[in-house]
Amino acid sequence: MHRNIRSIGAIALAVVFSLVVVACGGGEEKPAKKGGSASSKPASSGSSSTAKPAASSGIDMTKLGSVKGKAVFKGAAPAMEALDTSKDSWCKEHAAPKKETFVVDANGGLRDVVCYIEGMDAHASKFPEPDAPARLEQKGCQYVPHVLCIRTGQELEVVNGDNTSHNYHFTGRANDEINKTQANQGDKALLVFDNAESDAYFRCDIHPWMQCNIKIFEHPCFAVSAADGSFSISGIPAGSWKLRLEHANAKTTMATVDVTVTANGTADVGTIEFTQ
C-alpha cells in the first residue's frame, strides 16, 4: 500500500508499537546542571523500574500493542553532497562526511523519519522510567545518528569517537543551552534533559557542518526510521491513536495516520511516501 504524504487522511488500522532509540557514548566530561532543565548524571547502577503501572486515565497498561511501517522517498533521490572538511586536517585525511538532507537506500527507503504517537504526553507518567541510555557519537567528523529521539529523564552519552577535538553545543527552547569541548578521542559526557523538545539540535562549533537534530519526548512511543526506511514502535496502550511521521526536509514535513492498537497485536501501516 502506498500513500502520498500530502494525501494521508484518517486511516483506521490495527496498531502495535516498537521503540527505536539510537544513542552514542564516550569519556568522562560532565557539564554542570543549568536551571534544572539539562544536567549531567552519574552512570546507571543497573537497577531500573520495569513494572507496568496500573490502568488509569482511560488506558490499560496491561494491554499493549505495536505498529510498524516503512518510509520511502518518492522519485529520484537527490545526491548526497560531499562536505568540505579542509578546516581540519584530521577530518580531511580520515573522514568523508556527506550532507544528510535526504538519506535514501537503493530501494527508496528513507532514513531519519521521526514516528510517534500523538497525545501520549497526557499518559506519560504511566510508563516505566527509561532503563537504558541513548548514545550520540561524533564519528567520522559527523554526528551519529543524524536524527535522535530520547525521553525526558533518559541518560544520553555524548562521545568523541575521533582523534581530533570536537565540541557538543546543544540548543533548544525548553532546556538550557550546553556548550562543552571534547578535546580527546574517547571523551564522554553524560547528559539528562528534563523537558520535552520538538525542535532542538546539537552542533559542533569546531566543525560547523556537523549537526544532529534531536527530539525529546515525555513518553516512549516513538521511533526513527532505519537505513531501509523501516520503523517499529512497541508498548502502545490499546486504543485509537494518531501516528505522526515527520521528516525535516520533505516537501510536506508531516504525515498523519489514524491507527487502532490492539492488545498483543502489530498493525502494519504500510508504505508512507515523502517527496522533496
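The values are calculated or read from the model by the stated rules, or taken from the named source; none is laboratory data. Remember, predicted model here, so these are calculated numbers, not experimental data. Every residue, glycine as well, gets a Cβ built from its backbone with ideal geometry; the counts of neighbours run over all protein chains shown.
What strands (runs of 3 or more DSSP E) lie completely within segment 33-140 and have 1 or more residues being modelled with pLDDT under 95, in contact with a Gly (Cβ under 9 Å, 6 or more places away or on another chain) and under 28 Å from GLU155 (Cα atoms)? I'd like the intermediate steps shown before the answer.
Numbers: elements: 38-40, 64-73, 114-118, 134-139.
Here the list reads 38-40.
Check ASN160, ASN213 and return the single one that is over 25 Å from THR266 (Cβ atoms), in contact with a Lys or Arg (Cβ under 9 Å, 6 or more places away or on another chain) and polar (S, T, N, Q).
ASN160
Evaluate the following for PRO145: is it touching a residue at least 24 places away in the same chain (Cβ under 8 Å) and crowded, with 20+ Cβ neighbours inside 10 Å?
yes
Residues being closer than 29 Å to ASP121 by Cα and crowded, with 18+ Cβ neighbours inside 10 Å: count how many of those fall in segment 171-188. Write out each step before concluding.
Taking segment 171-188 first, the residues closer than 29 Å to ASP121 by Cα are 171-179.
Filter again for crowded, with 18+ Cβ neighbours inside 10 Å, leaving 172, 175-176, 178.
Of the residues in segment 171-188, 4 are closer than 29 Å to ASP121 by Cα and crowded, with 18+ Cβ neighbours inside 10 Å.
Can you tell me which residue among LEU245, LEU191 is under 20 Å from ARG135 (Cβ atoms) and buried (at least 16 other Cβ atoms within 10 Å of the Cβ)? Break it down stepwise before answering.
Numbers: LEU245 fails: under 20 Å from ARG135 (Cβ atoms).
None of the other options fit; the residue is LEU191.
The rows are residues; the columns are (1) touching a helix residue (DSSP H, G or I) at 6+ places or on another chain (Cβ under 7 Å); (2) closer than 30 Å to VAL261 by Cα; (3) of a type in the set (Ser, Thr, Tyr).
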site: PRO97; (1), (2), (3): no, no, no
site: GLY109; (1), (2), (3): no, yes, no
site: TYR116; (1), (2), (3): no, yes, yes
site: GLY140; (1), (2), (3): no, no, no
site: PRO145; (1), (2), (3): no, yes, no
site: THR152; (1), (2), (3): no, yes, yes
site: LEU156; (1), (2), (3): no, yes, no
site: TYR168; (1), (2), (3): no, no, yes
site: ALA174; (1), (2), (3): no, no, no
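Checking TYR168 against (1) surrounded by 22 or more Cβ atoms within 10 Å (Cβ to Cβ); (2) within 28 Å of TYR116 (Cβ to Cβ); (3) in contact (Cβ under 8 Å) with a residue 60 or more places away in the chain: exactly one of these is not met. Which one?
Failing condition for TYR168: (3).
Out of (1) under 17 Å from TRP90 (Cβ atoms); (2) in contact with a Lys or Arg (Cβ under 7 Å, 6 or more places away or on another chain); (3) of a type in the set (D, E, K, R), the odd one out for LYS139 is which?
Exception for LYS139: condition (2).
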